[in-house]
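The values are calculated or read from the model by the stated rules, or taken from the named source; none is laboratory data. Please read all numbers here as calculations on a predicted model, not as lab measurements. Cβ sites come from the backbone with ideal geometry, for glycine too, and all protein chains shown count toward neighbours. Please note that ligands, DNA and RNA were not included when accessible areas were found on the heavy atoms of the full protein model with its side chains. Shrake-Rupley method; radii C 1.70, N 1.55, O 1.52, S 1.80 Å.
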Amino acid sequence: MAFDPFWYILLYLFPQYSGTLTILQYILQQQGNVLMDLFKIIVFPGIVFVSILSLFAEWYDRKIYARLQNRVGPFHTGYHGILQPLADIIKLLAKEDIVQSGAEARSLAAAPIFAMTLSLVMLMFIPVYRSAGIISFEGDLIVVLFLSTLFALTVILTGWFSTNRFGEVGTARAGMQLIAYEIPLVLSALTPAIIVAYYYSVPVQVNNYLLTVYGTLPVTTIPTTLFSILTIANITQTQATIGMPFILVAPISFGVFIISLMAEIEKVPFDVPEAHTEIVAGWQTEISGKKLALYRLSSDLEYLWGAGLAAALFLGGPWGPGWDIGLSTLDRLMGAFPWGYVFGTIWFLVKVFAVIFIIANLRTLFARFRIDQVVQGAWKYLIPLAFLNILILQAVFYFDLFGWQSTYYMLLWIAYMI
Amino acid sequence: MAVLDKLVTWSRVKSPWVFHMNCGGCNACDIEVIAALMPRYDIERFGILLVGSPRHADVMIGTGTVTRQIAPRFKRLYEQMPEPKFVMAVGNCAISGGVFAGCYNVLEGLDKVVPVDIYIPGCPPKPEAIIDGVAKLLAKLQGG
Amino acid sequence: MSQKRPKLKPSLKEDERLKAELEKAFGDTVEVWIPRAKRMFIKVKPGDHRKVIQWMRDNWDLQHVTTISGVDKGDTFEIVYHLYKYQGYRTYPNVKTEIPKKDPKIETIVDILPSADFYERETHDLLGIVFENHPNLERLILPDDWPEGVYPLRKDWLPEGVE
Amino acid sequence: MPRPAAMEPELLRNFPRKPFTVFYPFERLPPFEGLRGRHILYLKRCVGCGTCAKDCPSAAIEMIDWPDEFPQELKNKAGKVPKVDLGRCLFCEQCVESCPRDALEMTQEYELATFDRKAMEWIVDMETE
Amino acid sequence: MSTVKVPIGPQHPALKEPINFTIEIEGEQVVDAKVRIGYNHRGIEKACELRTYVRDIYLLERVCGICSHSHTTTFTQGVEELLDEDVPRRGLYIRTIVCELERLHSHMLWLGVAGHEIGFDTLLHYTWRDRELVMDFLEMISGNRVNYAMNTIGGVRRDISKDLIPTLKKGMDTFRERCEYYLKLCSEEPTVLERTQGVGVLPTHMARKLGAVGPTVRASAVDMDCRKDDPCAAYDEVPFEVCTWDSCDVFARVAVRILEMIQSCNMIQWMLDHLPKDEIRLKLKRRVPEGEVLSRYEAPRGELIHYIKSNGTDKPERVKVRTPTLANWPSVEYMLKGCYIADVPIIVASIDPCISCTDRVTFVDVEKEKTWVWDSNQLRRYGIEFYKKKRW
């Protein structure tokens, strides 16, 4: 419970009630973990926070998109139209929900709820204010990528159950796109993990070497086993430790990740499943009212998830330049209030909106691909590119171009001297 | 639940999505409707989006003379829109048949097919006039 | 002071040459007159239009059918094939022929000039002229459930409700 | 020669610029001279001949008997005035051109949206000058 | 593998206008295409015979909202020829200027729509932004943005004032610059090239055989342009070139249209420089002597033909309108064979279809409702049959 920001915030805001709060905290500590987890899941950085943030992100995206086209975009709803996505959602929620007679009503009703749940769960894995998300366990990177595939599956189910001709075409296209783009997405998402693996394999190799030569270890804090590299928390933490976001190490992977992410969230050059001019609205054609509201919200959430994951894997997540000395140190320096959390959140937001800017810019820049070009593009260019970056990294590690190995030997040497 | 009602009304006023249908006229009104969506007037400012499926729409914009062949289709599209829904008749052909009013195959106005909420005269109406009509419709929505 | 534009009177030399060619090939069976430059009206007997058009295609490399107009002249239909010759000297030969209204049948020219396809179908729709041997003489413009035997552009048919 | 993202410089140039948009209901461009809006009728000049009604391409003008609310002292010999159905009018200005006495004129008023079909069937503005 | 018939239209977001295609597909590839027009019949040809010449001008102006000036130009110059009168030169020049401005706005509109069809909305927004310039000029000159009502029998109705000329000339400079930019953009942007090059190829011999007109045939390397071949209005005095392109695909049509816009800008500037001092119109009598005339004009979409037959009264005996779009449908049927579903919108759009132009004749009352694309029962039945056939 040491790092829970909730109590710090309360104590900071109401110092006069510190006694009461301390007693309350004591009581809560008996049941506290459960409540605190609930708070995290529901309020911050859980459902409420990400929902508001995703609506804000949609507004930001639309605004950037409009400004790049020399327009204004939403303007008259709230300050510069900031409430526009919210108004859309409320309106859709209040609208009549039509299910046409040919459709499977129950499956159709279940699909958007499924999509919504999935996207919220996916966002739980994104680190917002510290290196780990709300849910964090070993190998969660694989789980989160798997969940994103499931999200695409709900799209396919919706198109399927709505028994609309355009829906079917959209579904088929969504499936084809899914098959094509899952592979580069996973490959490029695994590149940071490979870097982490290498970074931590250096001390392990060295330790093994020392063990075989001397029989003892000079510094006991050095990890002796390879820890889980497929964990988002470790990847963000490593970037903080090295003090370098992985976009500098693997720029090609970042590009591939963004492009396949755009295919995953069906944004313009890859919006073939809902291509407006070709197949009306694709899989969404027959969806109306509340279901459409849920789909819109969940696609916003997925957008945010994509941006957040890109930020966590390639841009260092909540860690920023200058803040890599560790949160506890910082907090000790700055007093009781967890400034580190605040700055972490700010860094996270900055990075997410930078990624959204990139995606919005790319949306304005290209014409829609044809479905065969989409699939070809994935297999011909993106997958080889993803492999290429991995190969380059392997070469870099082999020849120790970053100098991690030599640095480590140097540190060991200094330790011996002392 | 007065507050909730107010919230819903607010959201409806702020986010009218339109579905545009040419009932068989010349293209003049259509290009003016599209022109209203383009950078010069950009009615996305009001939260208006042009959607492709009537299921997503709140406001239906009908342009052009309503030919007898298209009238039943228009009616069915109208029925497919979820409640609450509004119809805008843009241009004189959609209001009364306009210059084609004599031709017997032309229904004299969209209101012969579906109830029309607002009429925007002009041949074609300027994009400003269309926005003015939209604003009037939204003001009416907010009021009642 | 107004600058009157000089009357557009280009030379009709080329037109006259083409006219002479036509008259040499067909003699009295065709009647050719040139109202102004680049326009040529050719009146032929109902059966002869194919022959003339084929001759034009073979000799003048004429492939473009601009349109086919049908005019209701009371007892007869006048069919005008507006052709466009844009190889060499560019001109508009209009082949005119008349058929009786009671039995409106005429041989198709689709096998000679494929671009006449749509226009023959259109004329068939609107005036009820049957183009014999047309490969696909079905409805193009009128709805499928249009009553048989009603042709909107005939003069004896007036739509209800017209002022 | 293909050049990926060929539009990027243009986009980035336009991004910081002021948008092209006119905030229409709140700010408006001045209408151009000669814009054809709705009609006004100069009652004094109208002789009720009906040329405008005859030439109207869409038969939007109908000659009606002198209405009661119009000033009776200006009543012309024919006792007729044109009634314009703005829901039919093409705003082509043929009536203005046809009028032998220049009694009809077009204003620059174009924001004519109404909720009521009947409200469009009348020339509200009339000048008695 | 069996083929599946997919109807596109009459209401479809790509088309904006009611028309119906029946496309036979095999997977994602189109095997056969059939065009069915007629959702837009209003009965103009019949109505023309029942109205006077003066009223016909405005009726024909509404054949199509985009090429409205073309229709009136063709009609009025036909009637002027029947009357055997010469229009004052200034009137002809102003008519031609409006013609060219209309061509500019129509081609720019088309470029945006083409961008929209391939999902390039930014191009749509930028082109329509620049198009507003031309729309403003048209409004300044004529008083309306779309249906200008400029032409009348015997000339034009409004003059171009002296103060307007510098503005127009400057505007044309800006516009030409933009056109050059778009030409560069379209020939450089790889996604645009991917979607347009080698798509919808119409070889030269096929274009001639199928009777294509306008930019479609010029993009197939045939230099057919009525403005040059048979000059009307002031085109015999204005210097310009006929633009052609020889790659015969959708990209060629894009290029031809942009090149034509550049030519039009030059022509407008030339005409404004050489605007004669003269009257703008003649007052002509309303009765037209008996006769027949074939009036031609190169509308933005291609050659437009009016065949007018008069009978000595103030109403025409017969007005036959042949719009360029009708002439291009056979080419579309040809081009669609063998393409992908995703290419259907851009191929159809590449001829700049103007359905309202094409369907202008009367049709009889249709009481019986027909089954329709959105009908859910129909759809379900279709779906069941679809799966029966597919079995996957």
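See the values below:
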item	result
Which numbered condition E:Glu241 fails, given (1) closer than 29 Å to E:Glu189 by Cα; (2) among the acidic types (Asp, Glu); (3) in contact (Cβ under 8 Å) with a residue 60 or more places away in the chain	(3)
Helices (runs of 4 or more DSSP H) (entirely within region B:49-144) containing at least 3 residues that are touching a residue at least 40 places away in the same chain (Cβ under 8 Å) and over 29 Å from E:Leu50 (Cβ atoms)	B:127-143
Cβ pairs under 9 Å, 6+ apart, first in region D:114-129 and open to solvent by 60 Å² or more (accessible area, probe 1.4 Å), second at pLDDT below 65	none
Filtered residues of region E:193-223 (kept if free of Cβ contacts under 8 Å to residues at least 24 places away in the same chain and hydrophobic (A, V, I, L, M, F, W, C))	E:Val222
Number of positions in region A:43-83 that are of a type in the set (Phe, Trp, Tyr) and modelled with pLDDT of 90 or more	3
Residue within region B:56-75 that is open to solvent by 10 Å² or more (accessible area, probe 1.4 Å), within 23 Å of A:Gln284 (Cα to Cα), more than 7 Å from chain D (Cβ to nearest Cβ) and modelled with pLDDT under 80 present	yes
Top-ranked residue of region B:115-130 - restricted to ones that are aliphatic (A, V, I, L, M) and at the interface with another protein chain (Cβ under 7 Å from one of its Cβ atoms), ranked as farthest from D:Tyr24 (Cα to Cα)	B:Ile118
Criterion: open to solvent by less than 20 Å² (accessible area, probe 1.4 Å) and either within 10 Å of chain E (Cβ to nearest Cβ) or closer than 26 Å to A:Lys291 by Cα (or both) - qualifying residue of B:Val18, B:Val90, B:Val8	B:Val18
Subset of region C:105-122 (residues that are surrounded by 19 or more Cβ atoms within 10 Å (Cβ to Cβ), out of contact with any helix residue (DSSP H, G or I) (no Cβ under 7 Å at 6 or more places or on another chain), more than 10 Å from chain E (Cβ to nearest Cβ) and touching a residue at least 24 places away in the same chain (Cβ under 8 Å))	C:Glu120
Search result, residues across region C:34-72 that are among the acidic types (Asp, Glu) and either on the phi < 0 side of the Ramachandran plot or modelled with pLDDT of 85 or more (or both)	C:Asp48, C:Asp58, C:Asp72
Number of the condition not met by E:Gln197 [criteria: (1) buried (at least 20 other Cβ atoms within 10 Å of the Cβ); (2) closer than 30 Å to A:Phe369 by Cβ]	(1)
Positions within region D:14-28 being at the interface with another protein chain (Cβ under 8 Å from one of its Cβ atoms), surrounded by fewer than 18 Cβ atoms within 10 Å (Cβ to Cβ) and under 30 Å from E:Ser142 (Cα atoms), in sequence order	D:Phe23, D:Pro25, D:Arg28
Only listed residue being open to solvent by less than 40 Å² (accessible area, probe 1.4 Å), in contact with a helix residue (DSSP H, G or I) (Cβ under 7 Å, 6 or more places away or on another chain) and part of a loop (DSSP other than H, G, I, E, B), chosen from D:Leu11, D:Leu86	D:Leu86
Selection status of D:Cys49, within 12 Å of chain E (Cβ to nearest Cβ) and modelled with pLDDT of 80 or more	no
Number of positions in region E:163-177 that are out of contact with any Leu (no Cβ under 8 Å at 6 or more places or on another chain), surrounded by fewer than 19 Cβ atoms within 10 Å (Cβ to Cβ) and assigned to a helix (DSSP H, G or I)	6
So A:Phe348, is it surrounded by 22 or more Cβ atoms within 10 Å (Cβ to Cβ), of a type in the set (Phe, Trp, Tyr) and more than 22 Å from the chain's Cα centre (by Cα)	no
Per-region count, region C:28-39, residues open to solvent by 30 Å² or more (accessible area, probe 1.4 Å) and more than 14 Å from chain E (Cβ to nearest Cβ)	3
First in region C:136-149 and more than 10 Å from chain E (Cβ to nearest Cβ) and within 24 Å of E:Pro330 (Cα to Cα), second anywhere and open to solvent by 10 Å² or more (accessible area, probe 1.4 Å) and modelled with pLDDT of 70 or more, Cβ under 6 Å, 6 or more apart	C:Leu137/C:His124
Test result for B:Met38, closer than 30 Å to A:Lys291 by Cα and in contact (Cβ under 8 Å) with a residue 40 or more places away in the chain	no
So D:Glu33, is it surrounded by fewer than 19 Cβ atoms within 10 Å (Cβ to Cβ), within 15 Å of the chain's Cα centre (by Cα) and in a loop (DSSP other than H, G, I, E, B)	yes
Condition check for E:Asp278: open to solvent by 40 Å² or more (accessible area, probe 1.4 Å), within 14 Å of chain C (Cβ to nearest Cβ) and assigned to a loop (DSSP other than H, G, I, E, B)	no
Region E:148-162 residues that are at pLDDT 85 or above and outside any loop (DSSP other than H, G, I, E, B), paired with ones that are open to solvent by 10 Å² or more (accessible area, probe 1.4 Å) and aromatic (Phe, Trp, Tyr) (beta carbon under 7 Å, 6 or more apart)	none
Selection count, region E:209-226, where residues are open to solvent by 10 Å² or more (accessible area, probe 1.4 Å), over 17 Å from C:Tyr89 (Cβ atoms) and of a type outside the set (A, V, I, L, M)	1
Residues (in a loop (DSSP other than H, G, I, E, B) and surrounded by 14 or more Cβ atoms within 10 Å (Cβ to Cβ)) located in region C:40-62	C:Val44, C:Leu62
Unmet requirement for E:Pro190, which otherwise passes all of (1) within 14 Å of chain A (Cβ to nearest Cβ); (2) without any contact (Cβ under 8 Å) to a residue 24 or more places away in the chain; (3) of a type outside the set (A, V, I, L, M); (4) open to solvent by less than 10 Å² (accessible area, probe 1.4 Å)	(4)
Unmet criterion (only one of (1) more than 7 Å from every other protein chain (Cβ to nearest Cβ); (2) under 13 Å from the mean Cα position of the chain (by Cα); (3) not in a helix (DSSP H, G or I)) for B:Ile34	(3)
Enumeration of residues in region E:139-157 that are farther than 14 Å from E:Leu92 by Cβ, of a type in the set (D, E, K, R) and more than 19 Å from the chain's Cα centre (by Cα)	E:Glu139
Residue list for region C:63-83, filter: within 20 Å of E:Val217 (Cα to Cα) and open to solvent by 10 Å² or more (accessible area, probe 1.4 Å)	C:Gln63
